[in-house]
Amino acid sequence: MNIPCTSDRELEKRLSACILDVLIQAGLVLAMAMLCYKIFSPFLAMMLWALILAITMYPVHQQIANRIRGKQGLAATLLVLVSIMLIVAPTTVLVSSLGDSLQDLISNVKNNTLQVPSPAPSVAGWPIVGKKVYAFWAQAHADLPAVVQSLQPKIGELAKHALGIVASLGGKMLQFFFSFIIAGIIMAYGQSGAKSAQAIFERIVGTEHGKRFTSLATSTVRTVAAGVIGIACIQALLIGLVLIMAGIPWAGVLSLIVLVLGIAQLPALLITLPVVGYIWYSGDYSTVAAISYTVLLVISGAVDNVLKPLMLGRGVDAPMPVILLGALGGMATTGILGMFVGATMLALGYQIFMRWVAKTPDSQTERSDIQNVA
């Protein structure tokens, strides 16, 4: 009678020891994962940007490599240098110029050396807000220190926010610069990286669907990137045409700046609003012409909101609303980087969910229909 009890106690001890070993191992793995994330988290955004840039530019990299006898490293170096010259350098100059302008403005306001020109009489004739704008402008021209003093709390807060934004943009541009360099290294080892990515997906979703999910993630990133660049080009072209029609000086340069800002996901209002102010303040336009050009510039500046739903879902094995919602949700959560991550994660999640739904054992016909929809 005591033998079974002894066997049960030994089994309980073995089970307890096994469970304790599993818990200790799981705890150690969790602690190591948390420690690795804490160490890597300062570089997470930069590495994600590098990965996105590498995936987006890899087809171009391969074309360059094929023309120089398959030299992957040299092709990556050339592509990174050209990208930095065309995108990073102009945007950095613009951000630096913006910061200098803000600092000069704040310094002039503090030292009472800022001179506000007198408003043109035509300002009073602006629709709805003309008289108020003219009165405030005239007061600022006559006694700027009094106006600054009356708005001191608000001006101080706005100045802090503006300088904070400029400083943040500077840091992001530096991060973006290093991301291009890391992207070049990733592209140089692109073939082995593609095999590693496929192996990871095969480990997560199985060998059968690993290649499909790798292709889905890659195409989603490239589609979002192409949508951003394509929309920026179209927006810059439309704004440039309006500037030429309106006879704005340096229309070509301004449209090029709009293109760079669009690629960097900065609003076109940074250019269109000063242009609208020039149109109304110069006095060279009739009221009808000024209103017409203002409406055209506002519409051209907001055209990206219409084009994004049309371009973000092309070439991806997932419905366009899924890509659009993922991109917009990711952008609202974590900014421009979240646009790529959100679209990719939602597309992968959609495919995983539809694959799970398609595996229902009830009906073979229904399963094939669902797979066709997915």
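The values are calculated or read from the model by the stated rules, or taken from the named source; none is laboratory data. This one's a predicted model, so the numbers in the text were calculated from it and none came from an experiment. Neighbour counts run over all protein chains shown; Cβ positions are idealised from the backbone, glycine included. Accessible surface is based on the protein model in full, side chains and every heavy atom, while ligands, DNA and RNA are left aside. Shrake-Rupley method; radii C 1.70, N 1.55, O 1.52, S 1.80 Å.
What the table shows:
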{"read-out": "Coil-residue chymotrypsin sites (Phe, Trp or Tyr not before Pro) of the range 194-255, DSSP, other Cβ within 10 Å capped at 12", "value": "Trp250"}
{"read-out": "Length released on extending from Ile200 to Glu12, taking residue separation times 0.36 nm less the Cα-Cα span", "value": "63.9 nm"}
{"read-out": "Computed E for Ala358/Val129 - FRET, C-beta separation, R0 51 angstrom, nearest 0.05", "value": "0.30"}
{"read-out": "Order of exposure, largest accessible area first, which applies to Val298, Val242 with probe 1.4 Å", "value": "Val298, Val242"}
{"read-out": "Lys172 accessible area, assembled protein chains, probe 1.4 Å, Å²", "value": "120"}
{"read-out": "Residue-normalised accessible area of the range 202-274, given per residue in Å² at a 1.4 Å probe", "value": "49"}
{"read-out": "Carbon + sulfur, % of accessible area of the range 24-84 - ligands and nucleic acids excluded, 1.4 Å", "value": "75"}
{"read-out": "Inter-part distance where the range 288-303 and the range 209-246 are each reduced to a Cα centre, Å", "value": "24"}
{"read-out": "Efficiency of FRET between Phe178 and Leu23 - r from beta-carbon atoms, R0 45 angstrom, step 0.05", "value": "0.65"}
{"read-out": "Segment Gln139-Ile39, length gained on full extension (0.36 nm per residue, minus Cα span)", "value": "30.5 nm"}
{"read-out": "Val60, Val306, reordered so the largest accessible area comes first (probe 1.4 Å)", "value": "Val306, Val60"}
